[in-house]
Amino acid sequence: MKHTLTNSILIQHAPDCSRATGFDLNAKTMFKMVLGQLRLFYQYHRQRQALLKLTDEQLNDIGLTVEQARQEGKKAFWQH
């Protein structure tokens, strides 16, 4: 086995293993990427729920109208 640095992550692969893209991901790397995306989605959800709970005065303090907050708060977690 030889080691190569791909995308700043050390991965192992067979010497004769090559892909047309030159990009190789192992299961651990893919899991970390998916987990990171799920964390981001959860963060969007939490922030939008908090936005929906703000009072008119608090929204005014951050420069948003009630309608703007409602529109943002009702977005699906995967939208940004």
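Every number in this text was worked out from the coordinates using simple rules, so none of it is lab data. Here the structure is a predicted model, which is why all the values come from computation and not from measurement. Ideal geometry is used to build each Cβ from the backbone, glycine not excepted, and the neighbour counts take in all protein chains shown.
Once you have the Cα-Cα distance between residue 79 and residue 65, take 0.36 nm times their residue separation minus that, and quote the gain in nm to one decimal.
3.0 nm
Return 35, 64, 40 ranked ascending by Cβ neighbour count within 10 Å, so the fewest neighbours appear first.
Arranged by neighbour count, lowest to highest, 35, 64, 40 become 35, 40, 64.
Grab the other residues whose beta carbon is less than 13 angstrom from that of residue 79, score K and R as +1, D and E as -1, and report the net.
For residues surrounding residue 79, the net value is +2.
Restricting to Cα atoms and excluding each atom paired with itself, what does the Kirkwood estimate give for region 34-80 in Å?
Result for region 34-80 stands at 11.1 Å.
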